[in-house]
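Student: First, the structure itself, so that you have it in front of you.
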Amino acid sequence: MTLDRRIVLGGGLALAACDRRADAQTPVSIPPLRSAAAFPVGVCVQEEQLGDPSLVPLIAAQISQVTPEWEMKMEYIVKDDGSFRFEAPDRIAAFARANGMRLFGHTLIWYAQVPGAFERLEGKRIKFGDAYRNYILAVAGRYHGQAVGWDVVNEAVAEDGNGWRDSLWSQKLGKLQHMVLAFQHAREADPDAVLFLNDYNLENIPRKRATFMKLVEALLKAGAPIGGVGTQTHLAADLAPGEITKALKDLASLGLMVHVSEMDVSLTRSRGVLKDRSKLLAGQSRVYAEAAEAFSSLPAAQRFAFTHWGLRDKDSWLKRENPADAPLLFDDAGRPKAAAAAWIGGLRA
Ligand code: 9MR
């Protein structure tokens with residue numbers, strides 16, 4: 001037992017040391033992402049990070065758009081008694097204003113977030129529908145004039161691409177209709193923001209992308225004022241070449257705005273095709289370069305923004321899940337990685 005444990009621990013330590021050696025890169029020098037790109041470059045931020053004296057200047061130098069990482073979701077806004085709070089998202093909105101950055105709203109309706117206050121609504125369909133509308137009007141209305149866009153419905157397509165997800169929202173208001181209503185209410189609250197349907201695995205699961213695109217068409221046909229499609233682009237370092245390019249072209253064929261809305265490239269979630277850490281890091285750079293090039297190649301009028309889901313590795317949700325991951329463009333200390341130079345190298349005028 002003791003021996004086994006020592007072997008496991010020893011193995012883990014050796015792996016961590018090896019990761020550090022492979023990750024130690026020759027410093028790269030890059031122009032700011034925001035000035036290198038011909039489109040807005042975004043990042044997610046958490047309100048508590050606004051007090052981080054090393055992160056704030058990095059964001060201010062590199063970025064032209066911010067998305068609250070979780071503070072504009074129901075999990076923050078809806079209190080247990082059904083009332084709303086806005087302190088944290090208001091502070092992020094003020095940070096964006098103070099730094100001349102665009103604000104992107106994320107996310108109004110998400111199957112994964114169903115506050116107790118909504119679950120406890122009893123009685124007739126109309127009551128639930130009123131609460132739903134009231135929420136969207138309150139949240140999207142509050143940032144009208146500042147938010148340039150909203151993820152109105154997040155992750156509506158089933159994991160494997162086979163149909164749409166079931167949720168309290170779909171059960172109460174209808175499978176398609178709850179989404180149509182969400183877009184209509186968001187438009188009522190904010191006549192100016194571009195309204196997005198946002199999802200993930202659209203690059204690596206073509207079947208899911210096809211279902212997503214059919215859903216956009218069905219929503220438009222039903223009168224939903226969709227202005228854009230968001231592809232989260234949470235990818236792995238061993239993604240096959242060409243998949244991002246194909247996905248972005250397909251998505252753009254809908255004729256709407258396109259937002260790469262949450263990009264990161266995981267080392268630890270790859271399928272094991274690339275065997276060692278240095279190959280994974282090279283794969284990561286390749287994936288970032290392809291994403292930059294494919295997005296740059298879209299018609300200028302359709303390039304809404306390119307958002308990274310964090311700048312420093314240590315701030316990534318993926319690294320919180322697995323400390324061996326390093327999915328972003330800047331290392332823990334905020335120094336640009338080879339992936340940052342690759343992303344910039346992939347940009348086209
Ligand atoms: O990165 C986000 C993490 O900090 C939050 O705890 C989590 C739940 O709110 O959401 C994460 O961001 C997700 C995004 O909102 C939607 N797409 C997947 C992202 C990663 O899980």
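The values are calculated or read from the model by the stated rules, or taken from the named source; none is laboratory data. Since the model is a prediction, treat every value here as computed from it, not as a measurement. So basically every Cβ, Gly included, is an ideal-geometry build from the backbone, and we count neighbours across all protein chains shown. Note: accessible area is taken over every heavy atom of the protein model, side chains too, but ligands, DNA and RNA are not part of it. Shrake-Rupley method; radii C 1.70, N 1.55, O 1.52, S 1.80 Å.
Student: Would you tell me the accessible area of ASP130, worked out with a 1.4 angstrom probe on the heavy atoms of the protein chains, in Å² to the nearest 10?
Tutor: Near enough 90 Å² of accessible area.
Student: Report, in degrees rounded to the nearest 10, the 0 to 90 angle that the Cα long axis of helix 2-23 makes with the longest principal axis of the chain.
Tutor: Roughly 90 degrees between the two axes.
Student: Can I ask one more? With N residues in segment 165-241, what two-decimal value do you get for its Cα radius of gyration over 2.2 N^0.38 Å?
Tutor: The reported ratio for this selection is 1.23.
Student: Something else now. Taking the Cα atoms of segment 41-117, what is the range of coordinates along each of the three principal axes, in descending order and whole Å?
Tutor: Principal extents (Cα only, largest first): 40, 21, 18 Å.
Student: Quick check: at a probe of 1.4 Å, how many percent of the accessible area of the chain sits on carbon and sulfur atoms?
Tutor: 55
Student: Then there is this: Running a GNM on the chain with Cα contacts under 10 Å, which residue among VAL78, VAL153, VAL139 ends up with the highest mean-square fluctuation?
Tutor: So, out of VAL78, VAL153, VAL139, the one fluctuating most is VAL78.
Student: Pull up the DSSP beta bridges for segment 100-202 and report the antiparallel fraction as a percent, rounded to 5.
Tutor: Just about 10 percent of them are antiparallel.
Student: Average the reciprocal distances over every distinct pair of alpha-carbons in segment 29-177, invert the result, and give the Kirkwood radius in Å.
Tutor: For segment 29-177, the Kirkwood estimate is 16.9 Å.
Student: Something else: Could you calculate the FRET efficiency of ALA300 with ARG120 from 1/(1 + (r/R0)^6), where r is the beta carbon distance between them and R0 is 41 Å, rounded to 0.05? Mind showing how you got there, number by number?
Tutor: Working: r = 48 Å, r/R0 = 1.16.
Efficiency, from the Cβ-Cβ distance: 0.30.
Student: Run the 1.4 Å probe and let me know the accessible area of GLU122, rounded to the nearest 10 Å².
Tutor: About 140 Å², rounded to the nearest 10.
Student: Given the options LYS275, LYS246, LYS208, which has the most mean-square fluctuation in a GNM of the chain, springs set between C-alpha atoms less than 10 angstrom apart?
Tutor: The residue with the greatest mean-square fluctuation here is LYS275.
Student: Diagonalise the Cα gyration tensor of segment 196-342 and give the resulting equivalent ellipsoid semi-axes, square root of 5 times each eigenvalue, largest first, whole Å.
Tutor: Working: eigenvalues 157, 45, 39 Å².
So the equivalent ellipsoid measures 28, 15, 14 Å along its semi-axes.
Student: Residues with beta-carbon under 9 Å from that of ASN198, excluding ASN198: net charge, scoring Lys, Arg +1 and Asp, Glu -1?
Tutor: On the way: positive: none; negative: ASP151, GLU155, ASP199, GLU262.
Overall, the nearby charge balance is -4.
Student: Taking only Cα atoms of segment 263-325, what ratio of Rg to Rh do you get with Rh as the Kirkwood inverse-distance radius?
Tutor: Result: Rg/Rh = 1.03.
Student: Next question, about the same structure. What fraction of the DSSP beta bridges in the chain is antiparallel, stated in percent and rounded to the nearest 5?
Tutor: So the antiparallel bridges amount to about 10 percent of the total.
Student: For every helix of n ≥ 4 consecutive DSSP H residues, a contribution of -39,500 (n - 2.57) applies; sum these over the chain, divide by its total residues, and give [θ] at 222 nm rounded to the nearest 500 deg cm²/dmol.
Tutor: It comes out at -13000 deg cm²/dmol, rounded to the nearest 500.
Student: If N is the number of residues in the chain, what value comes out of its Cα radius of gyration divided by 2.2 N^0.38 Å?
Tutor: This ratio for the chain stands at 1.01.
Student: State the antiparallel share, in %, of DSSP beta bridges confined to segment 51-160, rounding to the nearest 5.
Tutor: 10
Student: In terms of the ratio Rg/(2.2 N^0.38 Å) built on C-alpha atoms, what value belongs to segment 296-349?
Tutor: 1.32
Student: So which residue, out of LEU329, LEU248, LEU220, gets the largest mean-square fluctuation from a GNM of the chain using Cα contacts under 10 Å as springs?
Tutor: Of LEU329, LEU248, LEU220, the most mobile in the Gaussian network model is LEU220.
Student: On a C-alpha basis, how far is the centre of segment 301-349 from the centre of segment 86-158 in Å? Whole number, if you could?
Tutor: 26
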